[in-house]
Each structure stands twice: as C-alpha cells, then as structure tokens.
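Asks: Supplied in structure tokens, the structure appears directly below.
The values are calculated or read from the model by the stated rules, or taken from the named source; none is laboratory data. Predicted model, so just to flag it, every value in this text is computed and none were measured. FYI the Cβ positions are ideal-geometry reconstructions off the backbone, even for glycines, and counts take in every protein chain you see. Keep in mind that these areas ignore ligands, DNA and RNA; they rest on the heavy atoms of the full protein, side chains included. Shrake-Rupley method; radii C 1.70, N 1.55, O 1.52, S 1.80 Å.
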Amino acid sequence: MDARRARQHEHSGNELEVSVPQQAEEPASRGHFRALTLFAESPDTVCAARDTVRTWLESWGLAVWCDDVRLVVSELVSNVVQHAVPDGCLARPGASRRVDVTVSTWPGLLCIGVGDEDSTPPDLPVGQCVSPALAGDLPEALLPDRGRGLLIVQKLADSVWWSPQESGGKTVWARFDIDNTT
C-alpha cells in the first residue's frame, strides 16, 4: 500500500483493502524472444549461453526441452569459440569475437539461432557417413573426423540450417517442434 493510501486507511476505519491480482505467466504458445551477446574469448562463454537459455525456457514453461536445447546451444556456441574467424570487414585488431544467441518460440515451435562474424558456411553433415552394418566391431568408424557437434545438433533438433547475415557473418539455426508440450 503506498503512503497516500495508508493515510486514507488510517482516517476511514471502514475502508476495504483491495489487492490487484498478479498477472499469470504467459503461456509459451503466445511466443517469446530473447537474445544474448557474448564474446568467444571469455572462458565461460559456452556455460553462460547454456545456463541463460535454460533460465529462459524454464520461465516460459518449457523446462521439458532444457536438456536437448542446452546441448544444442553448447555445440553451436562451442563451434563459434573453436572455429569462427571473423570476416575481414568485421575483424578489428585485438577485438573480441561476438557470439549472438537468440531463442524464439511461436505456437508449436522453438528456434535457436547462434550467430558469429564468420561468413564461411558450416559443414552440416549429410546423413550417416558409414553404414552401421559395415562398421562391424568398430563403432568409432561411425563417427566422422569432424562435424560431430553438428551431427549431434541434427539428431536432437527437428531441423538445422544456416543463413548469412546482411553485414557479414552467419547464423546457424535449430528448430524444435514443441506441439506436444504447449
């Protein structure tokens, strides 16, 4: 109760106290958007991105998706930290490399985007490299030499793609179909 209402309450003993109901949490079906910019040189970049996204999902009532989405965010942000080299037009001597993480929901959809300043397309795996029947007793033969993180992302997400950014760089996207949880 603010000071003015407290004074009025003191003077009129018959006044009823009225409280305003708290606004309920918005359902995820209405859609949400959050963005976070980190820097690849920070030692806790991947952890910060993963934990922030978890917090967002929990606050939107999508905690059931936290494990898969956190792993996808970890893999995509790790790729930026390990491999992204900014385009010449974006590189400044001594400057940190940006990592932009976006999370959006729409009715039935959850999209993750991880952007960087490197326009080089990612090597998105195309299917399995070796047939499990041909691998025999060597299960490590099923793993490619590179691109394992993106292979994990493709296995967890319903769709994975990338898009160039207008000013240079790219964003790698992962989409989750969440119809059964909203």
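Asks: For 89, 66, give me the order by solvent-accessible area with a 1.4 Å probe, most accessible first, ignoring ligands, DNA and RNA.
Replies: Listed by decreasing accessible area, they come as 89, 66.
Asks: Can you sort 33, 176 by solvent-accessible area, 1.4 Å probe, largest first?
Replies: Final ranking, largest accessible area leading: 33, 176.
Asks: Counting only the heavy atoms of the protein chains, how much of residue 90 is accessible to a 1.4 Å probe, in Å² to the nearest 10?
Replies: Accessible surface of residue 90 is approximately 40 Å².
Asks: Sorted by accessible area (1.4 Å probe), largest first, how do 117, 166, 41 line up?
Replies: 166, 41, 117
Asks: At a probe size of 1.4 Å, how large is the accessible area of residue 104, to the nearest 10 Å²?
Replies: 10
Asks: Let me ask something else. Can you send over the solvent-accessible area of residue 37, 1.4 Å probe, protein chains only, in Å² to the nearest 10?
Replies: Accessible surface of residue 37 is approximately 70 Å².
Asks: Further question on the same structure: Can you tell me the length gained on complete extension of the stretch residue 35 to residue 155, counting 0.36 nm per residue apart and subtracting the Cα distance?
Replies: 40.8 nm
Asks: What is the sum of charges around residue 114, taking Lys and Arg as +1, Asp and Glu as -1, for the other residues whose C-beta is under 10 Å from the C-beta of residue 114?
Replies: -2
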